[in-house]
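Input: a single structure, listed below in structure tokens.
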Amino acid sequence: MIICKADTLNVDAESKILIKQIVVTGNKVTRYHIIQRELMFQQGETMIIKDLDEKIKRSRENLLNTSLFNFVNINKQYFGNDVYIIIEVVERWYFFPVPIFEIVDRNFSEWWRDKNFKKTNYGFYLNWENFRGRRENVKALLRYGYAERQGFLYSIPYIDKQQNNGLVFMALQTRLHEIPYMTLNNKLVYFKNPDVFVRKEYLGSVKFIHRQGYNKTYSITAGFQYNTISDTILALNNDYFVSGQKTQSFPLISFEYKDDARDIRNYPLSGYFFSVEFTKNGFGISDRDPSLSYIIVHGKKFFKLNRHWAIAGSAKLKVSGLNDVPFYNQIALGYRGDLLRGYDPYVINGENFVLFKSGIKYTIIKPDAIKLPVDLPNSFTRIPYAMYLNLFFDSGYVRDRRFGALNPLANQWLYSYGAGLDVVTYYDLVIRGEFAITKKGNSGIFLHLTAPI
């Protein structure tokens, strides 16, 4: 059979064809059934050509979103009313015994402001993705420095023949010499004792995941968490945990539903994402149990207008069942993706929050790849890249009834706007620089390593 990158016959889009054979090449590690799970067509299936073209496009996106492959090409060749599908994949490098040197601030811009190299972690982690070629993931972590952490994770995406159900096991220990014990003027106030771990955390959990079709997943997580702080932290903030307690221990349970139909998840230009999460931390069975419940609803929508322009918007809402949430459990805006752009130096904690993001993108360099002239596996020598210019407007509100008097950015509507440049490259890496202006007219340039929406 001759493999080509274009149709060999000029056939009508409404014609019926038979998928005679599906051929996969390049999967030296990944089992065929893992690839087959992501395909929206099957060998022996009959359909009209225009439907097949759409399913090929969606299947390629599904395969890329597994994070198993750097590149995926799906081509077809016609012989009369039969079509042969040729899937070419370039696998990633799956085994990473990697040394750790990482910053520990809330985001890169926050660390860059002070450039404090003492706020770093070091050690190593062993990450074996696509373990046994079955998309399993094994992680072992030994990290020391500013925030010590040791842990183990084992993810089994499919435990049944239909490849619908999976499990994730996790155990984690974290010990810190320095922690924030309060927020003042929306800045974290830290205490450090180099001789004593001022906070220790221990967590164990198991998650059951059910995948329905290609986009929808349902999960339930059950676990137990135990946290403890030093006497000094308790003296500095009596409301750090449940008032007057040095420890916090509780069972936890969480339910989550996701519908993820983005084209490329690390940097989408079309599609949508929707999730609902309900989490219960504790049940009030002891005075060290916070008995905290919250719901998070998150939606994103992406529109590709033409070859160069795309727009996107998102909304996220968190509602807590209590008005006296302990400081440790008050996490709202200012952490990783939950950020009003331009307010990077600030933390806006509270019981409830709503966050809106919007943006319009212009493609400066469309997605492409370069091949390095070195004798290494394709996993390393073919490097993807793309560049986008974006304009944005964000707004949000945090309700903080407990500590809001000390943090003026809470309990008021905030907004920001600006422009940025996004570079998308190797292994889902997004390098993002933005110039942002806040509600009060403050401005700055901020760097991030994740997609804006």
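Identify all residues within segment 319-348 that are of a type outside the set (Asp, Glu), open to solvent by less than 40 Å² (accessible area, probe 1.4 Å) and either without any contact (Cβ under 8 Å) to a residue 24 or more places away in the chain or within 17 Å of GLN248 (Cβ to Cβ) (or both); write none if there are none.
Result: SER320, VAL325, PRO326, PHE327, ASN329, GLN330.
Please find, among LYS316, LYS357, LYS361, the residue that is assigned to a strand (DSSP E or B), within 24 Å of PRO180 (Cβ to Cβ) and either open to solvent by less than 70 Å² (accessible area, probe 1.4 Å) or touching a Pro at 6+ places or on another chain (Cβ under 8 Å) (or both).
LYS316
In this structure, is ILE253 open to solvent by 20 Å² or more (accessible area, probe 1.4 Å), assigned to a loop (DSSP other than H, G, I, E, B), of a type outside the set (D, E, K, R) and in contact (Cβ under 8 Å) with a residue 12 or more places away in the chain? Even if it seems obvious, please write down each step before you answer.
Working: open to solvent by 20 Å² or more (accessible area, probe 1.4 Å): yes; assigned to a loop (DSSP other than H, G, I, E, B): no; of a type outside the set (D, E, K, R): yes; in contact (Cβ under 8 Å) with a residue 12 or more places away in the chain: yes.
Considered against the rule, which asks whether it is open to solvent by 20 Å² or more (accessible area, probe 1.4 Å), assigned to a loop (DSSP other than H, G, I, E, B), of a type outside the set (D, E, K, R) and in contact (Cβ under 8 Å) with a residue 12 or more places away in the chain, ILE253 comes out as no.
Would you confirm whether or not segment 46-63 contains a residue that is within 22 Å of the chain's Cα centre (by Cα) and either open to solvent by 30 Å² or more (accessible area, probe 1.4 Å) or more than 25 Å from TYR385 (Cα to Cα) (or both)?
Kept after step one, since they are within 22 Å of the chain's Cα centre (by Cα), are these residues of segment 46-63: 58-63.
After this cut, where a residue has to be either open to solvent by 30 Å² or more (accessible area, probe 1.4 Å) or more than 25 Å from TYR385 (Cα to Cα) (or both) as well, the list is 58, 60.
Yes, segment 46-63 contains at least one residue that is within 22 Å of the chain's Cα centre (by Cα) and either open to solvent by 30 Å² or more (accessible area, probe 1.4 Å) or more than 25 Å from TYR385 (Cα to Cα) (or both).
Return the residue satisfying two criteria in turn: it lies in segment 144-170 and is over 19 Å from the mean Cα position of the chain (by Cα) and polar (S, T, N, Q), and of such residues it is most open to solvent (accessible area, probe 1.4 Å).
Top of the filtered list is GLN162.
Of all the residues that make up segment 364-397, how many are part of a strand (DSSP E or B) and touching a residue at least 24 places away in the same chain (Cβ under 8 Å)?
Total satisfying the criteria: 20.
When residues of segment 398-439 are filtered for being assigned to a strand (DSSP E or B) and surrounded by fewer than 20 Cβ atoms within 10 Å (Cβ to Cβ), how many remain?
Count: 13.
I'm told VAL196 meets every condition in (1) within 30 Å of THR183 (Cβ to Cβ); (2) β-branched (Val, Ile, Thr); (3) in contact with a strand residue (DSSP E or B) (Cβ under 8 Å, 6 or more places away or on another chain) except one. Can you identify the failing condition by its number?
Of everything listed in (1) within 30 Å of THR183 (Cβ to Cβ); (2) β-branched (Val, Ile, Thr); (3) in contact with a strand residue (DSSP E or B) (Cβ under 8 Å, 6 or more places away or on another chain), VAL196 misses just condition (3).
(1) charged (D, E, K, R); (2) in contact (Cβ under 8 Å) with a residue 12 or more places away in the chain; (3) over 13 Å from LEU340 (Cα atoms): which one isn't true of GLU434, the others all being true?
(3)
For residues that are at pLDDT below 80 and charged (D, E, K, R), scanning just segment 105-140, find the one that is surrounded by the fewest Cβ atoms within 10 Å (Cβ to Cβ).
Restricting to residues being at pLDDT below 80 and charged (D, E, K, R), the top hit is LYS115.
Here's the yes/no breakdown for (1) of a type in the set (S, T, N, Q); (2) at pLDDT below 95; (3) open to solvent by 20 Å² or more (accessible area, probe 1.4 Å):
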site	(1), (2), (3)
THR232	yes, no, yes
VAL242	no, yes, yes
LYS258	no, no, yes
ILE264	no, yes, yes
VAL276	no, no, yes
GLY282	no, yes, no
PRO290	no, yes, no
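What number of residues within segment 192-208 are open to solvent by 50 Å² or more (accessible area, probe 1.4 Å) and either assigned to a strand (DSSP E or B) or at pLDDT 95 or above (or both)?
Qualifying residue count for the region: 6.
Out of (1) surrounded by 12 or more Cβ atoms within 10 Å (Cβ to Cβ); (2) modelled with pLDDT of 90 or more; (3) among the charged types (D, E, K, R); (4) assigned to a loop (DSSP other than H, G, I, E, B), what's the single condition that is false for LYS28?
(1)
Conditions first: (1) farther than 27 Å from SER59 by Cα; (2) among the small types (Gly, Ala, Ser); (3) at pLDDT 95 or above. SER219 passes all but one, so which condition is the exception?
Of (1) farther than 27 Å from SER59 by Cα; (2) among the small types (Gly, Ala, Ser); (3) at pLDDT 95 or above, only one is false for SER219: (1).
Quick check: is even one residue across segment 11-24 surrounded by 12 or more Cβ atoms within 10 Å (Cβ to Cβ), at pLDDT below 95 and of a type in the set (Ser, Thr, Tyr)?
Scanning segment 11-24 turns up at least one residue that is surrounded by 12 or more Cβ atoms within 10 Å (Cβ to Cβ), at pLDDT below 95 and of a type in the set (Ser, Thr, Tyr).
The values are calculated or read from the model by the stated rules, or taken from the named source; none is laboratory data. Just so you know, these numbers come straight off a predicted model, no measurement behind them. FYI the Cβ positions are ideal-geometry reconstructions off the backbone, even for glycines, and counts take in every protein chain you see. For accessibility, only protein heavy atoms count, side chains too; no ligands or nucleic acids. Shrake-Rupley method; radii C 1.70, N 1.55, O 1.52, S 1.80 Å.
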